[in-house]
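Novice: Would you mind keeping the following structure in view while I ask a few things?
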Amino acid sequence: MVLFNLAFVAGVFLRRFVKRRFFSIKDERRLLWVRIVEVALEGGGLPERVPSLRFGWERAVAEEVLLGWWRTATEEERARLQSLFRTWGLFNARRARLHRGGKWEQARSALVLGRMQCHDTLPDLLGLLHRAPSEIQAAVLNALDLLGDPEAIEGLVNFLIRRRPRETRPVLSALIRCGEGASDRLLPFLDHPLPLVRAVVAAALAEVVSPRDVTALIPSAADADPEVRAKVARALGRTGEPRAFEAIERLAVDPVWYVRLQAIDAFSRIRLPEVHDRLLWAMRDRDWRVRQKAATAIHKFISDPVYLLERIREELDDRYALEALITVLEREGKTWEAVNRICSPISLVRENSQELIIELLRAQKFAATLSAIELHPDHAVRRELLRLVDEHAGSSARAPLQELLESRTLDAESRRTIEVLLARPEASP
């Protein structure tokens, strides 16, 4: 028993010694490969004696060093790193594992080959994608994404057709990367009979589209699938082409709300005078999300909130459109900015701020004004706001003012002023 215990302890210490020695050798070899790569990148060439790559762990260390340099390397440096990757036999080793390795080795090899931009392995990667089990499909798709080769587009679409994966985001990401600068290769698939293919391709086009694609995109704005129409609307907007205006205009009255939403966003990218009126009328849309999008878009076009409020009040007379714009103004801080500048010493700033508050009061939107009366630290601002309420709010402000009197944070001066306003027998407080 004693001998067994001694042997066991000796075994533990021996294992620790061997493990420590192995990691020490591995670290030394890593530093050696780092120095070799540094010299090679500086144009010094390779040493006469290159360290052995007989064992798998040695190849793994060399590969790890190359991948580490790859992240921050320039295009010229990457060409040299790729040359080293091939010269040292790492490329052939990875390609062999891609075909004959286990699942983990195949997935890892695909990612390394994609990262090292080995375009000649594209047929191997596409072949593996079509026969690969679901566990490594994501890794192969990620490798194709890293490769970014336009020649992979057809293979990726065929994968969609044959395998019809539940999760299409990796395929979409790879199509976007491969379609950069080659959007024309995606366009033919917009006519595919399978809605899934048309939708994914349209989504990829929305990210990589070129102004020259407008003519080919317009027919797909009438696609039977609303997902496709929505993505095409986005793509048309991304072109920024006035030629897309009529197609986007039709999509802006689509029966499906999210198609209209994308059309409104597309309108905001088309620089034509007619867009202003379309966005204004879109603020009356039956869906609140579309109204919000239209209000945000038109505010980017026309940064004068007073002018917009007046147009909505006079031309639309629509409370939903009004609420949409006011929500945008509040979210972007325009109303509170006007409150803070209402007593500005600069006359133009002061007048513009007062006009915005007046428009809000006329629209019976009292929340920002009453909140400032209750909480603003500047007495002058509170007095000026109460003056504007007195002159422009009308009788509809009586109930909100009455509720404000119940606040414990209201200062004495403002409380007395509100009490006087409410005590008046006139219809207007």
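The values are calculated or read from the model by the stated rules, or taken from the named source; none is laboratory data. As the structure is a prediction and not an experimental result, all values here were calculated from the model. Backbone-built Cβ (ideal geometry, glycine too); neighbour counts: all protein chains shown. To get the accessible areas, we keep the full protein, side chains included, count just its heavy atoms, and leave off ligands, DNA and RNA. Shrake-Rupley method; radii C 1.70, N 1.55, O 1.52, S 1.80 Å.
Novice: Just how large is the dipole of the chain about the Cα centre, in debye to the nearest 20, putting +1 at every Lys and Arg Cβ and -1 at every Asp and Glu Cβ? Don't skip to the answer; put the middle values down first.
Specialist: Working: 66 positive and 61 negative charges, 560 e Å.
So the magnitude is around 2680 debye.
Novice: Related question: Cα extents of segment 247-333 along the three principal axes, largest first, in whole Å?
Specialist: For segment 247-333, the Cα spread along each principal axis is 31, 25, 24 Å.
Novice: Quick one: Cα centre-to-centre distance for segment 235-284 and segment 86-116, in angstrom?
Specialist: Cα centroid of segment 235-284 versus Cα centroid of segment 86-116: 47 Å apart.
Novice: Taking all pairs of different Cα atoms in segment 283-332, averaging 1/r and flipping that mean, what Kirkwood radius in angstroms comes out?
Specialist: Details: mean 1/r = 0.0957 Å⁻¹.
Kirkwood radius, segment 283-332: 10.4 Å.
Novice: Considering only DSSP states other than H, G, I, E and B, which GluC sites (Glu not before Pro) in segment 297-404 qualify as loop sites with at most 15 other Cβ atoms within 10 Å?
Specialist: Details: sites: E310, E314, E315, E323, E330, E332, E337, E351, E355, E359, E374, E384, E391, E403; in loops: E332.
Answer by residue number: E332.
Novice: Taking the Cα atoms only, what angle lies between the long axis of helix 75-87 and the longest principal axis of the chain, rounded to 10 degrees?
Specialist: 30 degrees
Novice: Another one. Enter the angle in degrees (range 0 to 90, nearest 10) between the Cα long axis of helix 226-239 and the first principal axis of the Cα atoms of the chain, meaning the one along which they spread out most.
Specialist: It is inclined by approximately 90 degrees.
Novice: For Kirkwood radius over Cα pairs in Å, the choices are [x] 23.2; [y] 23.8; [z] 27.7; which was calculated from the structure?
Specialist: [z]
Novice: Also: If you add up the charges near V112, with Lys and Arg at +1 and Asp and Glu at -1, over every other residue whose beta carbon is less than 12 angstrom from its beta carbon, what do you get?
Specialist: +3
Novice: Give me the accessible area per residue for the chain, probe 1.4 Å, as a whole number in Å². Kindly include the intermediate steps, with their values, before the conclusion.
Specialist: Numbers: 22490 Å² over 429 residues.
Averaged over the residues of the chain, the accessible area is 52 Å².
Novice: For the chain, modelled as a GNM with alpha-carbon contacts under 10 angstrom, which of A266, A40, A174 fluctuates the most?
Specialist: A40
Novice: Hey, what angle do you get for helix 347-362 against the long axis of the chain, alpha-carbon based, 0 to 90 degrees rounded to 10?
Specialist: The two axes meet at around 80 degrees.
Novice: Let me spell out the model: positive unit charges on the Cβ of Lys and Arg, negative unit charges on the Cβ of Asp and Glu, origin at the Cα centre of segment 283-332. What dipole size does that give, in debye rounded to 20? Write down the numbers at each step before the final one.
Specialist: Details: 10 positive and 11 negative charges, 54 e Å.
That gives segment 283-332 a dipole magnitude of about 260 debye.
Novice: If you take every residue apart from E207 with its C-beta less than 15 Å away from the C-beta of E207, what net charge results, scoring Lys and Arg +1 and Asp and Glu -1?
Specialist: Charge balance near E207 sits at +2.
Novice: Okay, moving on. May I ask for the longest run of the chain untouched by trypsin sites (Lys or Arg not before Pro) that are loop-located per DSSP and have at most 10 neighbouring C-beta atoms (other than their own) within 10 Å? If you can, show how the numbers build up before the last one.
Specialist: Values: sites that count: R49, R54, R71, R166, R271, R286, R408.
Excluding the exposed sites themselves, the longest stretch runs over 287-407.
Novice: Hey, another quick one. For E391 and D318 in the same chain, what is the full-extension length gain: residue separation times 0.36 nm, less their Cα-Cα distance, in nm?
Specialist: Values: separation 73, 0.36 × 73 = 26.28 nm, distance 2.37 nm.
Extra length from E391 to D318 when fully extended: 23.9 nm.
Novice: Ratio of alpha-carbon Rg to the 2.2 N^0.38 Å globular estimate for segment 299-401, to two decimals, please. If you can, show how the numbers build up before the last one.
Specialist: Details: Rg = 13.0 Å, N = 103, 2.2 N^0.38 = 12.8 Å.
Relative to the 2.2 N^0.38 Å estimate, segment 299-401 comes out at 1.02.
Novice: So what's the back-of-envelope 222 nm ellipticity for the chain, counting only DSSP H runs of four-plus at -39500 (n - 2.57) apiece and dividing by all residues, rounded to 500?
Specialist: Helix contribution divided over all residues of the chain: -21500 deg cm²/dmol.
Novice: Still on this structure: Scan segment 134-197 for GluC sites (Glu not before Pro) in coil per DSSP, keeping those whose Cβ has at most 13 other Cβ atoms within 10 Å, and list them by number. Intermediate values should be presented prior to the final figure.
Specialist: Working: sites: E135, E151, E154, E167, E180; in loops: E167, E180.
Passing sites in segment 134-197 are E167, E180.
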